[in-house]
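One structure is given below, encoded as structure tokens.
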Amino acid sequence: MMRLPPFSYLAPRRLDDAVRLLADHGPDAMVVAGGTDLFPNMKRGQMAPRVLVALRGLPELTAIRGTARAGLAIGAGATLAAVAEHPEVVAGYAALARAAGVVSTPQLRNMGTLGGNVCVDTRCNYYNQSYEWRRAIGFCLKKDGDICLVAPGSRRCWAVSSSDTAPVLWALGAEVTLAGPRGERRVPMPALYRDDGIAYLGKAPDEIVTELRLPPVDGWRATYWKLRRRGAFDFPVLGVAAAVRLEAGICREARVVLGAVASAPREAPDAARALVGERLTPEVIARAADAAARPAKPLDNTDLVYHYRKRMTRVYVGRALRELAGLPIDGLWPPGMSGAGEGPRPPAPARDRTD
Ligand SMILES: Cc1cc2nc3c(=O)[nH]c(=O)nc-3n(C[C@H](O)[C@H](O)[C@H](O)COP(=O)(O)OP(=O)(O)OC[C@H]3O[C@@H](n4cnc5c(N)ncnc54)[C@H](O)[C@@H]3O)c2cc1C
Ligand code: SF4
């Protein structure tokens, strides 16, 4: 059985106390929200904070305020279940409700928070293993070692950004509010990330994510498609967030953001350019899907073979855009991988039918 290492658990009741405690303990401390990512990581020896500053006792972090018309502010401590079910999120930001609703299992969504999800650790087959497993094959750069086992010639870590909600929040144009010892600041979603498997967050370690702010819906519509092996609870091995603003059937603005293809969510600007000024016809969508697949460079360090994941980028971007265009969603589920995707289920392939 894997046990948690010893640590001190501090439970502030006010945000400014949490900020002060985190600053006072410096690199020894981390914040913990739902603990659904951090505690398993600590059990596997991937992280060893001596002090945890808990965010659970901060009521100001759990509120969801505003409307889809005026914009919504979601407290970082709101659980994924609360986000997925909130009427204003469901009505105005259905892509976010879907992404939050396909994270892991109901139990973890009841504990896990939106703030924890956007800050969730990057993942790699050589890292998300027990301490003994990692010691047996030799430690890697991300923890305790000095080489990358996936790309031994590389001086950086390629662990994969695996948040479901981050690509959607990015595509929706969300902003992140951070509170730290130097005060409060608000940054766009892209500024929260760095394409580095170890230092994957663009915020300072002593800053706490307090809120995710969504702009007014203002004619945008968005969706999220997730590829994973088991529909019941796996992390994404590909996430596709697509958002478009249509006027009289013409796409005026677009954003396509890929998850789980790099150490940070990755925007596909060429795909957006292929959509803007056009009607979302099957041909335009096919061109955009081709363009979106180009920046996806998955490596052999998560589930499913990487060239398959790369190929599926084009397929999933195409399906996401067809959904937004109201077109029938073509393509079959990958053979032998039922439950490998999320989103509205396309018609079952004829050969799978029993009638
Ligand atoms: C079996 C299993 C399956 C999972 N499947 C998925 C999945 O499909 N998709 C997915 O996205 N995730 C998945 N997860 C990971 C995790 O459950 C979720 O990402 C969850 O949302 C994390 O939130 P949390 O509140 O529990 O974060 P915690 O575990 O408390 O924290 C995670 C990280 O974020 C930091 N942090 C937390 N809150 C803040 C904050 N407000 N400000 C600054 N830093 C903060 C912590 O210090 C820590 O580094 C899975 C986990 C498990 C164990
Ligand atoms: S990508 Fe390389 S350095 Fe990063 S966790 Fe995997 S093996 Fe380790």
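The values are calculated or read from the model by the stated rules, or taken from the named source; none is laboratory data. Keep in mind that this is a model prediction, so the values were computed, not measured. Here the Cβ is made from the backbone with ideal geometry for all residues, glycine too, and neighbour counts use every protein chain on show. Just so you know, the surface numbers come from the protein's heavy atoms only, side chains and all, with ligands and any DNA or RNA stripped out. Shrake-Rupley method; radii C 1.70, N 1.55, O 1.52, S 1.80 Å.
At-a-glance table
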| item | result |
| --- | --- |
| Residues whose placed amide H lies under 5 Å from that of L246, excluding near-sequence neighbours | R221, R252 |
| Residue-by-residue Karplus 3J(HN,Hα) for region 232-249, coefficients 6.51, -1.76, 1.60, Hz, glycine and proline x | 6, 6, 6, 5, x, 9, 7, x, 10, 10, 10, 9, 9, 10, 9, 10, 6, x |
| Label-point separation in nm, A286 to Q107, each point 7 Å along Cα→Cβ | 4.7 nm |
| Radius ratio Rg over Rh of the chain, counting only Cα atoms, Kirkwood formula for Rh | 0.97 |
| Whole-Hz couplings from phi, Karplus 6.51/-1.76/1.60, listed for region 266-272; x for Gly and Pro | 10, 6, 10, x, 5, 5, 4 |
| Selection from V237, G202, G153 lying farthest towards where the dipole of the chain points positive, charges on Cβ | G153 |
| For region 132-218, size of Cβ-based charge dipole, Lys and Arg +1, Asp and Glu -1, in debye | 280 debye |
| Solvent-accessible area, 1.4 Å probe, carbon plus sulfur percent, for the chain | 53 percent |
| Cα-centred dipole magnitude for region 198-290, charges only on beta-carbon of K, R (+1) and D, E (-1), debye, nearest 20 | 320 debye |
| Placed amide H near E267: partners under 5 Å, 5+ positions off or other chain | L258 |
| Karplus (6.51, -1.76, 1.60) ³J(HN,Hα), θ = phi - 60°, over region 85-96, in Hz, Gly and Pro reported as x | 9, 5, x, 6, 5, 4, 6, x, 10, 4, 5, 5 |
| Heavy atoms of I329: accessible area, 1.4 Å probe, square angstrom to 10 | 30 Å² |
| Per-residue [θ]222 nm for the chain (sum of -39500 (n - 2.57) over DSSP H runs n ≥ 4, rounded to 500) | -8000 deg cm²/dmol |
| D218-R50 pseudo-label distance in nm [points 7 Å out on the Cα-to-Cβ vector] | 4.8 nm |
| Area accessible to solvent at E184, 1.4 Å probe radius, in Å² | 140 Å² |
| Mean Cα-pair separation over length for the chain, i.e. relative contact order, pairs under 8 Å, 6 or more apart, % | 14 percent |
| Per residue accessible area in Å² of the chain, where ligands, DNA and RNA are left out and the probe is 1.4 Å | 46 Å² |
| Rounded accessible area of M47 (nearest 10 Å², 1.4 Å probe) | 30 Å² |
| Normalised contact order of region 138-256, rounded percent, pairs of Cα under 8 Å and 6 or more residues apart | 22 percent |
| Cut-off under 5 Å, modelled amide H: who pairs with C157 long-range | G197, I198 |
| Most to least packed among 105-118, 231-244 [average Cβ atoms within 10 Å] | 231-244, 105-118 |
| Ordering of 276-289, 127-140, 31-44 by packing [mean C-beta count within 10 Å, highest first] | 31-44, 276-289, 127-140 |
| Mean Cα-pair separation over length for region 83-160, i.e. relative contact order, pairs under 8 Å, 6 or more apart, % | 18 percent |
